[in-house]
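As structure tokens, the structure follows; a few thoughts come after it.
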Amino acid sequence: FDIVDLTKLELGKLTLNKEVFEVREMVNSVMSLANTLNKSKTVALEYHVSPSVPTYIFSDKKRIKQILINLLENSLQHTVTGEVSLFVDSTVVSLAEEDSERVHSISDNKNELYATDFQHSISFTVRDTGTGMDSQIANNLFRPVDVLDKTNKQNGLSLRISSMLAE
């Protein structure tokens, strides 16, 4: 699926499927999956969602999850001891001026939709205590490269896809 996504991204053919969803529920789902990927007993997996993050957002839930899982999985693969952490934060970036620009959310009772007067920029940050990325991989990470290197490994492919999805 990564190679198919990469091809679609490079051709500009990948479409986003936006929906209203609960951020904390999505993060819990991602962290649950990351916990199953965490084979180490010496790596703690933690997360923090800032109170400033709205309860619901309108975005492509599947793609956000894909990015987060790719980042967390990469961190877990390269962290022997210590921790891998996910931080979610939000900043109000503007007031919605017209109804067509308003972001739709679901009220707490989940029975009605309403438009919020604010647009948020939500940041997802993954930090780890791993050794870091090899400089050769880091230098080529965001450039079009062959999918497989000489050892038939997909070095950095999920990170490249995550970067392109985020853009």
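The values are calculated or read from the model by the stated rules, or taken from the named source; none is laboratory data. Treat the numbers as computed from the prediction; the structure is a model and nothing was measured. Virtual Cβ from ideal backbone geometry, glycine too; neighbours counted across all protein chains shown. The accessibility values were calculated without ligands, DNA or RNA, using every heavy atom of the protein model including side chains. Shrake-Rupley method; radii C 1.70, N 1.55, O 1.52, S 1.80 Å.
Would you pick out the residues in the range 18-73 that are of a type in the set (Asp, Glu) and part of a helix (DSSP H, G or I)? Spell out how you get there, then give the answer.
Going residue by residue through the range 18-73, those that are of a type in the set (Asp, Glu) are 19, 22, 25, 46, 60, 73.
GLU25, GLU73, listed by residue number.
State whether the residues of the range 88-99 include one that is of a type outside the set (A, V, I, L, M, F, W, C), part of a helix (DSSP H, G or I), modelled with pLDDT under 85 and open to solvent by 90 Å² or more (accessible area, probe 1.4 Å). Lay out the reasoning, then the answer.
Just the residues of the range 88-99 that are of a type outside the set (A, V, I, L, M, F, W, C), to begin with: 89-91, 94, 97-99.
Imposing the further condition that a residue be part of a helix (DSSP H, G or I) reduces the set to 99.
Next, from what is left, pick out any that are modelled with pLDDT under 85: 99.
Remaining after also requiring open to solvent by 90 Å² or more (accessible area, probe 1.4 Å): 99.
Among the residues of the range 88-99, at least one is of a type outside the set (A, V, I, L, M, F, W, C), part of a helix (DSSP H, G or I), modelled with pLDDT under 85 and open to solvent by 90 Å² or more (accessible area, probe 1.4 Å), which makes the answer yes.
What number of residues in the range 74-87 are at pLDDT 90 or above, outside any strand (DSSP E or B) and out of contact with any Leu (no Cβ under 6 Å at 6 or more places or on another chain)? So that I can check it myself, show each step before the final result.
From the range 74-87, those at pLDDT 90 or above are 75-76, 79-87; that's our starting set.
Add one more test, that the residue is outside any strand (DSSP E or B), and what stays is 75-76, 79-81.
So of that shortlist, the ones also out of contact with any Leu (no Cβ under 6 Å at 6 or more places or on another chain) come out as 75, 79-81.
Residues that pass the stated criteria total 4.
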inquiry  = Here's a check for you: in the range 59-87, which residue that is open to solvent by less than 40 Å² (accessible area, probe 1.4 Å) and of a type in the set (Ser, Thr, Tyr) is farthest from PHE21 (Cα to Cα)?
reply    = THR79
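Go through VAL30, VAL43 for me and flag whichever is open to solvent by less than 30 Å² (accessible area, probe 1.4 Å), in contact with a Gly (Cβ under 8 Å, 6 or more places away or on another chain) and under 20 Å from THR129 (Cβ atoms). Let's see the steps before the verdict.
Details: VAL30 fails: in contact with a Gly (Cβ under 8 Å, 6 or more places away or on another chain).
The match here is VAL43.
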